[in-house]
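Each reported figure results from applying straightforward, stated rules to the coordinates on display, with no laboratory input. The structure displayed is predicted, hence computed values, not measured ones. Here the Cβ positions follow ideal geometry from the backbone for every residue, glycine too, while neighbour counts run over all protein chains shown.
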Amino acid sequence: MTVRSDSELDKLHQANAITVETLERLSREVEPGMTTARLDRMAAANLKRHGVRPAFKGYRGFPATLCVSVNEEVVHGIPSRWRRLRRGDIVSLDFGCIVDGYYGDNAITVPVGEPTPEAARLLDATEEALRAGIAAARPGNPVSAIGMAVSDVVERRGYSVVREYGGHGIGTSLHADPFVPNFRDPRQTTKLVPGGVIAIEPMVNRGGSAVRIKRDRWTVITRDGSLSAHFERSVAITDDGAWILAEPRGRGGETLDDASVRGRKT
Ligand code: MG
């Protein structure tokens, strides 16, 4: 894994802070009846305000600024002017931007209106899995410690993790080594070192772990049609633990509080 200097970490912090600030804005705007294309336009407008470029648009041909994945859609959903959010849906917003060549990448899943009890439980479990993954991202640990921590939480709650997609190194490109699986994978022996930067992103299904790609060639959905949730934070490894890059510097080792993930921070 690539070790980043303090000035590089500052740029990564800026990119991730802008990304999460945008996600928090979007999460406050989500309401029944709005189209997923409107969320995409709002994300693009917020980046423009900051004068920075989106990370996903054009990436391998992805057509939008924001990935919007509703209910059984896991990740990589394409915003559409024809898709309207309905009360009781859950919607994953995954999003990145680039500051001076350095990437931010984060995601949240939010309910549309009041969540159903089963959706609320799934969102809770996925956030808890992200927190556990972040807590395991300590110097000296192998990358596999993250997947072990994530899958322990998810399986204890009776859900399953997606295996085909996962976290990743991030820095001067959106996706870099190492792959950060959300399941036990003893092959992931790369050691986490201070200055290394990774995105941790559990994708959790209410039913089975199997997924497939829709005919639009982007949207990943659960094979059994069950609900899926997704939370992501990019973190830098420090001597004390993970620094959640969207947060102010010097908070390595602190855990993510619910408010900061869910975008309810005022
Ligand atoms: Mg990512």
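Ranking GLY58, VAL143, GLY133 by Cα position along the charge dipole of segment 6-262, where only Lys, Arg, Asp and Glu carry charges on their C-beta atoms, puts GLY58 farthest toward the positive end. Choose one answer from LYS48, LYS191, LYS11: the residue with the largest mean-square fluctuation in a GNM of the chain with alpha-carbon springs under 10 Å. In this elastic network of the chain, the residue with the biggest mean-square fluctuation among LYS48, LYS191, LYS11 is LYS48. Estimated from helices alone, the mean residue ellipticity of the chain at 222 nm is -9500 deg cm²/dmol (sum of -39500 (n - 2.57) over DSSP H runs with n ≥ 4, per residue). In segment 6-262, the ratio of gyration radius to Kirkwood radius, Rg to Rh, stands at 0.94 when only Cα atoms are counted. Expressed as a fraction of 2.2 N^0.38 Å, the C-alpha radius of gyration for segment 1-45 is 1.58. What net charge do the residues around ALA145 carry, taking every other residue with its C-beta under 15 Å from that of ALA145, with Lys and Arg at +1 and Asp and Glu at -1? Residues close to ALA145 contribute a combined charge of +3.
The distance from the alpha carbon centre of segment 75-113 to that of segment 134-148 is 26 Å, rounded to a whole number. Put a plus charge on the Cβ of each Lys and Arg, a minus charge on the Cβ of each Asp and Glu, and nothing anywhere else: the dipole of the chain about its Cα centre is then about 880 debye.
Note that segment 26-39 has calculated 3J(HN,Hα) couplings of 4, 5, 6, 8, 4, 8, x, x, 7, 7, 6, 5, 5, 4 Hz, one per residue in order, obtained from phi through the Karplus relation 6.51 cos²θ - 1.76 cosθ + 1.60 (θ = phi - 60°); glycine and proline are x.
Using the Karplus relation 6.51 cos²θ - 1.76 cosθ + 1.60 with θ = phi - 60°, the per-residue 3J(HN,Hα) values for segment 174-188 come to 5, 10, 9, 5, x, 5, 10, x, 9, 10, 5, 9, x, 6, 7 Hz, with x marking Gly and Pro.
Net charge in the neighbourhood of THR222 (other residues with Cβ under 13 Å of its Cβ; Lys, Arg +1, Asp, Glu -1) is +1. Taking a sphere under 12 Å around the Cβ of GLU72 and counting the other residues whose Cβ falls inside, with K and R at +1 and D and E at -1, yields a net charge of +1.
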